[in-house]
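Chemist: Can you read through this structure? Questions will come right after.
The values are calculated or read from the model by the stated rules, or taken from the named source; none is laboratory data. Worth saying up front: this structure is predicted, and the values here are computed from it rather than measured. Ideal geometry is used to build each Cβ from the backbone, glycine not excepted, and the neighbour counts take in all protein chains shown.
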């Protein structure tokens, strides 16, 4: 087919299409926009993690040339010499300890046992004791820098483990005693209030775990996760009734091999709370 015939065929097809739709009601008339409400800057978040917290992870000095008003989009500095660029909120991951026992560097001194950096430990009499002096160096850079915080309650300290604690990032076990776990979280919240004030900490968020639908992050059962969640939530609310508390973030299948996110939602909606009844 030569170019002339191809052009004629295309023209005929367009005419037929126009005739076949003539007189029909228009289906592509734009509708009135429906407001969705204000958009929060959900992208201005970043994670800060475990043994690197004490090193002011993510902080840098923003160079002057990025703030030049002659630029189309000049950067707006925070009122501090150093900051985490493009962030207003940080998610504090593995604050509690329970880190991988093969880790070094950061806060972990060479040839020191990793569980020496847990916020909770068991003494020679088997009693739970706390290392609250580790909190301020880990949180001060972010809290005093004016960032909103999400405190992630993941990697329970090694003294609470019920099995072998195997996980890529450290102890992934549920605790042996959920009452001890709840008491620990309650005392943690009291320490946070003591350090940073009730008004500030009440605006923070608390998250139960990280991607706990997989056994690499949580080795327990669905029922054990419900207990873990209930006792932690009740502990936070006893101290900070206005603070937001929620479940782990998701990556991949929400119904993973051992913990289903949907089953947790159903538990919170209609089942008995293991901590409060």
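Chemist: Please determine whether any residue of the range 214-222 is surrounded by fewer than 21 Cβ atoms within 10 Å (Cβ to Cβ), within 18 Å of residue 276 (Cα to Cα) and out of contact with any strand residue (DSSP E or B) (no Cβ under 7 Å at 6 or more places or on another chain).
Modeler: No; the residues of the range 214-222 include none that is surrounded by fewer than 21 Cβ atoms within 10 Å (Cβ to Cβ), within 18 Å of residue 276 (Cα to Cα) and out of contact with any strand residue (DSSP E or B) (no Cβ under 7 Å at 6 or more places or on another chain).
Residue-by-condition table, conditions (1) surrounded by 14 or more Cβ atoms within 10 Å (Cβ to Cβ); (2) at pLDDT 95 or above; (3) in contact with a helix residue (DSSP H, G or I) (Cβ under 6 Å, 6 or more places away or on another chain):
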{"position": "48", "(1), (2), (3)": "yes, yes, no"}
{"position": "74", "(1), (2), (3)": "no, yes, yes"}
{"position": "78", "(1), (2), (3)": "yes, no, no"}
{"position": "92", "(1), (2), (3)": "yes, yes, no"}
{"position": "134", "(1), (2), (3)": "yes, yes, no"}
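Chemist: Now, a different point. Just wondering, is there one or more residues in the range 37-45 that are assigned to a loop (DSSP other than H, G, I, E, B) and either on the phi > 0 side of the Ramachandran plot or surrounded by 12 or more Cβ atoms within 10 Å (Cβ to Cβ) (or both)? Spell out the reasoning first.
Modeler: Of all residues in the range 37-45, those assigned to a loop (DSSP other than H, G, I, E, B) come to 37-44.
Those left that are additionally either on the phi > 0 side of the Ramachandran plot or surrounded by 12 or more Cβ atoms within 10 Å (Cβ to Cβ) (or both): 37, 44.
Looking through the range 37-45, at least one residue is assigned to a loop (DSSP other than H, G, I, E, B) and either on the phi > 0 side of the Ramachandran plot or surrounded by 12 or more Cβ atoms within 10 Å (Cβ to Cβ) (or both).
Chemist: Scan the range 53-63 for residues that are assigned to a helix (DSSP H, G or I) and either touching a strand residue (DSSP E or B) at 6+ places or on another chain (Cβ under 8 Å) or exposed (fewer than 14 other Cβ atoms within 10 Å of the Cβ) (or both) and jot them down. Talk me through it step by step, then tell me what you get.
Modeler: Within the range 53-63, the subset assigned to a helix (DSSP H, G or I) is 53-55.
If the condition is that a residue be assigned to a helix (DSSP H, G or I) and either touching a strand residue (DSSP E or B) at 6+ places or on another chain (Cβ under 8 Å) or exposed (fewer than 14 other Cβ atoms within 10 Å of the Cβ) (or both), then 53 is the only one that fits.
Chemist: Could you list, in sequence order, all residues of the range 168-186 that are in a strand (DSSP E or B) and under 18 Å from residue 230 (Cβ atoms)?
Modeler: 175
One line per residue, one yes/no per condition, for (1) free of Cβ contacts under 8 Å to residues at least 24 places away in the same chain; (2) crowded, with 16+ Cβ neighbours inside 10 Å; (3) in a helix (DSSP H, G or I); (4) touching a strand residue (DSSP E or B) at 6+ places or on another chain (Cβ under 8 Å):
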| position | (1), (2), (3), (4) |
| --- | --- |
| 166 | no, no, no, no |
| 192 | no, yes, yes, yes |
| 200 | no, no, yes, no |
| 210 | no, yes, no, yes |
| 234 | no, yes, yes, no |
| 238 | no, no, yes, no |
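Chemist: Run down 66, 10 and say which single residue is surrounded by fewer than 16 Cβ atoms within 10 Å (Cβ to Cβ), modelled with pLDDT under 90 and at negative phi.
Modeler: The match here is 10.
Chemist: Identify all residues within the range 147-157 that are modelled with pLDDT of 95 or more and either buried (at least 18 other Cβ atoms within 10 Å of the Cβ) or in a loop (DSSP other than H, G, I, E, B) (or both); write none if there are none. Break it down into steps so the answer makes sense when it comes.
Modeler: Restricting attention to the range 147-157, the residues satisfying the condition of being modelled with pLDDT of 95 or more are 147-153, 157.
Residues satisfying the conditions are 147, 149, 150, 151, 152, 153, 157.
Chemist: If you don't mind, another one. Inside the range 130-146, can you point out the residues that are under 26 Å from residue 113 (Cβ atoms) and in a helix (DSSP H, G or I)?
Modeler: So the first thing to find is which residues in the range 130-146 are under 26 Å from residue 113 (Cβ atoms), and the list is 130-141.
The answer is 132, 133, 134, 135, 136, 137, 138, 139, 140, 141.
Chemist: Can you list residue pairs whose Cβ atoms sit under 7 Å apart, with the first residue in the range 109-126 being part of a strand (DSSP E or B) and the second being surrounded by fewer than 18 Cβ atoms within 10 Å (Cβ to Cβ)? Count only pairs 6 or more apart in sequence or on different chains.
Modeler: Between residues of the range 109-126 that are part of a strand (DSSP E or B) and residues that are surrounded by fewer than 18 Cβ atoms within 10 Å (Cβ to Cβ), the close pairs are 120/128; 120/130; 121/129; 121/131; 122/128.
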